[in-house]
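Below is one structure, written out as structure tokens; comments come after it.
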Amino acid sequence: MHSRQTSIFCIIATEFCERFSFCGLRTILSLYLRNVLCLHENAATVVYHIFIMMCYSMPLIGAVLADNFIGRYRVILYFSIIYFIGTILLCCSAIPPLMLPQTYTSMIGLALIATGTGGIKPCVAAFGGDQFRLPEDSQQLQKFFSTFYCTVNFGGFMGMVVTPALRRSVMCFGDDACYALGFGFPAILVLISIVIFVMGKPWYKIKQPRDNITLKFVLCAWYAIKKRIRYNKSIDGPPRGHWLDYSIEKYGEKLVSDMKIVCSILYLYLPVPIFWSLFDQQGSRWTFQASRLRSEVFGVTLMPDQLQVMNPAMVLLMIPMCPGGAWPLLPELSPLHKMFAGGILAAMSFVCAGILQISIERSTLQPPGHEQTGLVALNTLGCPVELSVSGEGSARVDARGTALLSPLPHRAYDVTVTCPSDCSGRIMKQYTVRTHLKTVAGMVNFYLAIAIMMCTMEIRDGAARLGENIFLPFKLNCLQFMPIIIGQNSDDEVSLYFMDPETFVKSLTGKPKLKVVYIGNTGPNKNVTINVETEKRLNDIYYVSNSPVDHIGESAYMCLQPGKFEWRATSADGQVSGSGEGDVRAGGVYVLCVRERLDRLDAAVLHAPNPPNELQLAWIVPQYLLVSMAEIMFAVSGLEFSFTQAPKSMKTITIAAWYMSVAIGNLIVILVAQTKIFESRAKEFFVYAGMLMAAMFLFHRMAEGYCSRTIEGDGSSSESHPLLQHTHSRAISVHSARTSVSRAYSEPGSSESCLGRMERARPSAWPAHSVVHVGTPSTTDRRNTTLAKD
């Protein structure tokens, strides 16, 4: 018992470190792809899901190697080493002084990580299950799987909390985010997991593969298919009950029977990928959704990637209350019924996500439809103004406020702005201005396309991947809003200044975005600079052009941390100087308008064309609660079902097929994301929910025809530790079929073995036919042994 506890501890500790490493790495991966490797958001999303898909495709290779060639222990060890090399490469790619090709090094590292974590994935759970004797230890096995999954989620929880915190709390190589530390810490954890796993070897029960069962599986299936296709009733006799029965003569009844079981399990897996296509969107779609919520909790601002910890945290709290846990509140159900209930709960979670998305869209600046535009008026004056658009009505713009007129069809407009003659104590010499504004779809020049692309990508090195994204503005309909700044010139006349066409789209990470707009006649050699500095002393400098077009210059967007910031404007000649501060909140898109008058700063106004997030973070809790319950009911039960129902020789490959369904689910997400068939994210969520609901009812119908099999007793003799080591056989009973002398061989209190007493008995005492039931401390199987005199 002590050796089993030690071996289980080492296995669970190994899995904890591996999950800690993987989940932490995965949490910051999408931000690394976008912010450091300069991939566009769509490309980063695709790379992320391809990485996840590889992680759940490689279990098939690991299972084949474990079941047919080198065994589970060696697969876990060798693939962990590959995993460790991948994390080292990914960490090195995030260290600029090494001058490695970041993109190629990162992709190689991710490929090795996917190979390593995928290869060991089907083997760890099965290797832990090997430490138990079935069917006697079936209850302990169920608790092991619950504990195992609890450990997986606890490791994931710690990784999602600690790794992003390390990335953000430390500055390195001149950047506010230290991805080298974020990837280096998981690498250390992988090394620790390898050490722990190797240390537990003396206590493991290591089963070696007996035969190349996978090759036999494929050959047997192929032979049966060929025989079934060539079947001739007049020659081959009556049809067989199952298509695999056609290969019994060549491959034997045992292999065919095991294959029938595996095929029946794989048949039930057919609707399973739909569940994973929903579940794994926590790391993509739900993270994007969380970036649209107000995430201040007790004065602490949470980032969208941190919100992913809610799932493992809830799983940790609820696993003890589920069937098989320490305090079960739900009735005991079969694994298939629990999987059905979990699928329904996951569908309901996406219904909640769709309802929340509708509320988000209603509270967020929505882009106009096709062939439409919108006007955004930013008033820098200290008095309200009236804005009228020919044929479309008018709007009041408050002092230092923002107004929106949308949607408007693409055409020419006459825009009129009127302010009071006495504007906040300043007498306006001209308080009405008219202009002709033409908005035609697609009328954008090459340089404007690049400018919009740079703002949309939110990267520092915009030249990267320029060719791939050159037509991005056209694809995304970036020419949607025409921003108009209302100000005054040095002659005290109300004036209109036109910014470049804008989308005002919120950042992917949920951080507030800030753009600086400078209005005035800077003139040559003034060298005006505007420095923006956050509370963490991180700053960004904007150099104003000496010859701005139409007296207006604007910077690219900067992503700031939520909270206060300070700005300072200076010029080389010292004439232009000024400072101020502002407050930005998560999700907001801000424009800081700095206006010059008579070579002096006259006004600085912070506008929010796309307001910060207003919906509270609490609204996302119900969907995470439902999906966490679904994970316990579906994933834990599916893992247990895969192990207990599969034949002994095919347990690992059956679990690999279970993980393969996760890869197919991620492939579904990639295809849906790339086809862009849904204009509304809420509609996409509702369609996913409907798909899963239909898939689960189909699964329920398929499960009704499944005949659950009795857990197969573990009588393998290929373990590295013999089952009778340090123990002695004991006779349960001996009785004779033809004589009553059995009392001589089963005296109570005798310390001798029954067979030992028989050896010394006189020959005449031997029964003509005896049956001995022999039991061992490791099994309760009753085996009949015939003893007869020659």
**OP:** Label segment 519-630 by shape, choosing from rounded, prolate and oblate, from the square roots a ≥ b ≥ c of the eigenvalues of the Cα gyration tensor; if a/c is under 1.5 it is rounded, and otherwise prolate applies when a/b is larger than b/c, oblate when it is not.
**Re:** prolate
**OP:** Give the shape of segment 196-302 as rounded, prolate or oblate, defined through the alpha-carbon gyration tensor: a ≥ b ≥ c are the square roots of its eigenvalues, a/c under 1.5 means rounded, and otherwise the shape is prolate if a/b is larger than b/c and oblate if not.
**Re:** oblate
**OP:** Convert each backbone phi in segment 639-645 into a coupling constant with the Karplus relation 6.51 cos²θ - 1.76 cosθ + 1.60 (shift: θ = phi - 60°), then list the ³J(HN,Hα) values in order as whole Hz, x for Gly and Pro.
**Re:** 5, 5, 4, 4, 6, 6, 8
**OP:** Express in Å², to the nearest 10, the accessible area of C172 obtained by rolling a 1.4 Å probe over the protein heavy atoms while all chains stay in place.
**Re:** 20
Original post:
Which far-off residues, 5 or more places away or on another chain, put their amide H under 5 Å from the one on G374, with H placed in the peptide plane?
Top reply: L408, F481, M482
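How much net charge surrounds F634 when only other residues with a Cβ under 14 Å from its Cβ are counted (Lys, Arg +1; Asp, Glu -1)?
On the way: positive: K338; negative: D280, E631, E640.
Computed value for this residue: -2.
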**OP:** Order these peptides, 487-493, 21-27, 247-253, by their mean beta-carbon neighbour count within 10 angstrom, highest first.
**Re:** 21-27, 487-493, 247-253
Subject >> Residue-wise HN-Hα coupling along segment 202-207, computed from phi with Karplus coefficients 6.51, -1.76, 1.60 (Hz; x: Gly, Pro) >> reply: x, 9, 7, 8, 9, 9
Original post:
Using a 1.4 Å probe, how large is the accessible area of S642, given in Å² and rounded to the nearest 10?
Top reply: 0
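How would R585, R240 line up by accessible area, probe 1.4 Å, largest first?
R240, R585
Explain nothing, just the number: relative contact order of segment 489-558, from Cα pairs under 8 Å at least 6 residues apart, as a whole percent.
36
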**OP:** Mind listing the long-range amide H neighbours of G588? Cut-off is under 5 Å, sequence gap 5 or more, other chains count too, H placed in the peptide plane at 1.01 Å from N.
**Re:** K513, N613
Subject >> Heavy-atom accessible area order for E684, E581, largest first, 1.4 Å probe >> reply: E581, E684
Original post:
Counting only protein chains, not ligands or nucleic acids, how are M58, M696 ordered by accessible area (probe 1.4 Å), most first?
Top reply: M58, M696
Original post:
Accessible area of M53, 1.4 Å probe, to the nearest 10 Å²?
Top reply: 40
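The values are calculated or read from the model by the stated rules, or taken from the named source; none is laboratory data. Model, not experiment: these values are computed from the prediction. Please note: Cβ atoms are built from the backbone with ideal geometry, for glycine as well, and neighbour counts cover all protein chains shown. Heavy atoms of the whole protein, side chains included, go into the accessibility calculation; ligands, DNA and RNA do not. Shrake-Rupley method; radii C 1.70, N 1.55, O 1.52, S 1.80 Å.
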